[in-house]
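In what follows, a structure is listed as structure tokens, so that the remarks can point back to it.
The values are calculated or read from the model by the stated rules, or taken from the named source; none is laboratory data. Model, not experiment: these values are computed from the prediction. In this analysis, Cβ positions are derived from the backbone assuming ideal geometry, glycine residues included, and neighbour counts consider all displayed protein chains.
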Amino acid sequence: MPALTKNEKLNNWIKETAEMCRPDDIYLCNGTKEEYNLMIEKLKASGSAIPLKKRPNSYLFRSDPSDVARIEDHTFISTSSKDEAGPTNNWIDPVELKNTMKNLYKGCMKGRTMYVIPFSMGPVGSPISKIGVEITDSPYVVISMHVMTRVSSRVIELLNAGEDFIPCLHSIGAPLDKGQTDVQWPCAPIEKKYISHFPEENLIWSYGSGYGGNALLGKKCLGLRIASAIARREGWMAEHMVILRLTNPEGKQYHIAAAFPSACGKTNLAMMLPSVKGWKCECIGDDIAWMKIGADGRLYAINPESGFFGVATGTSYDTNPMAMDTLKENVIFTNCALTDDGDVWWEGINDDVPSHLIDWKGQDWTPESKGDAAHPNARFTAPASQCPVICKDWENPNGVPIDIFIFGGRRSSVVPLVYEAFSWDHGVFLGATAASETTFANIGEVGSLRRDPFAMKPFCSYNMGDYFQHWLNMGDRLGSKAPRIFYVNWFRKNHDGRFLWPGFSDNSRALKWMCERIDGKVGAKKSAIGLLPVDRGLDLNGIGLSPKNMEELMEVDLKEWKAEIPDIEKHFAVFGNRLPERLKKQLKELAERLG
Ligand code: SAT
Ligand code: MN
């Protein structure tokens, strides 16, 4: 086999992997349009890519019904000791896991091409960026990585010059015998799916799934799991956060990073059109923030990705017009429904439900059919550069200085629309106790409440008690330059089960309040749980909500909150002696304030 690059570590890894996986051939990716088109031709020929007449250069894919979302039960953090992975991760001893997976990988790429994808997370050459190389046998992964990461000959040049990289091995786990015809979405059965991480050696091994974060290894695997471990070692932060720039009518800019669990409206927030007059919102990222302390002592963030892998279901010109305008061309759709005139459709896209569709399973669908036409976790993969409100600084290698952190989740009760933390430690407590009702973004029970600290529960690859301490340490280093911390809940409902807050562009009202808090323009009243807006502090001009509605939305019911305490205690107990004393103190103080 000829050496593919001038990077010895990479060449050796390619050679070893080929010997284990036995592909028919090997292809080094360069990220060009020609390469993208070549993959598309392959995917069209195999029946996987369905061209969409209504959207130039856009394609629909339908996954296997067993392969529709991240699979947390099959996701592993393999550190030498179980304690290091901590109570929030599935752990298997690295020797055992590698043995199991090597057996699966043996001959797994037979009949297929092995693609080597060199990519940069973050602008090529930025001091915050990292290089990864994904080996995969899926051309769908190749085109998706083209959109989601920076695949280019410049990355190959850096590797040739000896730059280090994070190896990310992926196989769909579906070898082809000679003459065997391929299926539309090849993958392995559920019991053979493994999404494995070896944070002590910066290594990712994924097997058996072709979907989203299981297969596009730059995203959750590298961008959050491996990056969180590196960030802790190196003293920076890798967070599950959107990044946006808000500009007030006087032209002052504020940069906000917000953490919500998957499918809680991060993409909608990142691309919001504010309803408050004169304020502008620009998108920098919709899922991941990598942040380092800059020379001036402030915290600077970059979006390590270059595309959006957004939930299609529910996205419409009402909920997220900027996303809709991002999706006009050059988009990969997965598990959406297909209209008779060659367009995609999903529940919530508009009010007219077509009389006939092909559903995400490839079956005829009419409004009388049972089940959804699009899968609830149907996704679009689109270049960030196509977003009409993408910030001109979204690729600034130095990042943007963060002023505000927001935590939140989906709570139909208890938690008010917005409040501010008393201090950094209290803010870390809010992040550490964040809870949300579960959705379809991960396979598991839908609608139950789970504590999802910092929206990082599925993504922090080391002991989460230490992760809390890392947040406290970062605050100590940032001192007075630390971002201010807020908590929001857009999803509170009234007793009839109706949402109390219109959400979407009106969420700008809460963001405006935060900016004005920072500038000392609006006051706040102390409550047991944090600082709440004072009357008229929140700009409600033109929103048309009754005072009773607002009262319910902002209500802090001490009885309901007292009931949270045992649940938080249970949640914290899991971390044992790794739980920082400073968070225990916060819990004690909350209980005291609740009386
Ligand atoms: O993990 S994915 O990339 O599939 C999507 C998500 O859950 O945010
Ligand atoms: Mn996410």
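Only residues that are exposed (fewer than 13 other Cβ atoms within 10 Å of the Cβ) and outside any loop (DSSP other than H, G, I, E, B): list them for segment 1-32, please.
Glu8, Asn12, Glu16, Glu19, Asp25
In segment 216-233, how many are of a type in the set (Val, Ile, Thr) and either part of a loop (DSSP other than H, G, I, E, B) or within 16 Å of ligand 2 (Cβ to nearest atom) (or both)?
So the answer is 1.
Determine whether Leu158 is modelled with pLDDT of 95 or more, closer than 21 Å to Asn303 by Cα, within 16 Å of ligand 2 (Cβ to nearest atom) and outside any loop (DSSP other than H, G, I, E, B).
So Leu158 does not fit the description; no.
Would you mind telling me which numbered condition in (1) in contact (Cβ under 8 Å) with a residue 12 or more places away in the chain; (2) farther than 24 Å from Gly285 by Cβ; (3) not aliphatic (A, V, I, L, M); (4) not in a helix (DSSP H, G or I) Lys102 fails?
(4)
Restricting attention to segment 324-345, does a residue exist that is of a type outside the set (S, T, N, Q), surrounded by 17 or more Cβ atoms within 10 Å (Cβ to Cβ), within 16 Å of ligand 1 (Cβ to nearest atom) and not in a loop (DSSP other than H, G, I, E, B)?
Yes, there is a match, as at least one residue in segment 324-345 is of a type outside the set (S, T, N, Q), surrounded by 17 or more Cβ atoms within 10 Å (Cβ to Cβ), within 16 Å of ligand 1 (Cβ to nearest atom) and not in a loop (DSSP other than H, G, I, E, B).
Out of curiosity, is Lys220 buried (at least 24 other Cβ atoms within 10 Å of the Cβ), closer than 22 Å to Ile71 by Cα and outside the structural domain of Arg379 (by TED's automatic domain parsing)?
yes
All but one of (1) closer than 21 Å to Tyr140 by Cα; (2) at pLDDT 95 or above; (3) buried (at least 20 other Cβ atoms within 10 Å of the Cβ) hold for Lys42, so report the exception by its number.
Going through (1) closer than 21 Å to Tyr140 by Cα; (2) at pLDDT 95 or above; (3) buried (at least 20 other Cβ atoms within 10 Å of the Cβ) one by one, Lys42 breaks only (3).
Of everything in segment 551-565, what is of a type outside the set (D, E, K, R) and modelled with pLDDT of 95 or more? Give them in sequence order.
Result: Leu553, Met554, Val556, Leu558, Trp561, Ile565.
Please tell me if Asp372 is outside the structural domain of Val141 (by TED's automatic domain parsing) and modelled with pLDDT of 95 or more.
Against the criterion (outside the structural domain of Val141 (by TED's automatic domain parsing) and modelled with pLDDT of 95 or more), Asp372 qualifies.
May I ask you to list the residues in segment 174-217 that are of a type in the set (Lys, Arg) and more than 16 Å from ligand 1 (Cβ to nearest atom)?
Lys178, Lys192
From the residues in segment 280-300 that are in a strand (DSSP E or B) and away from ligand 2 (no atom under 16 Å from the Cβ), which one is nearest to Thr381 (Cα to Cα)?
Out of the qualifying residues, it is Glu282.
Under the condition of being away from ligand 2 (no atom under 16 Å from the Cβ) and closer than 26 Å to Trp501 by Cβ, which residue from segment 392-411 is farthest from the chain's Cα centre (by Cα)?
Ranking the qualifying residues of segment 392-411, first place goes to Asp403.
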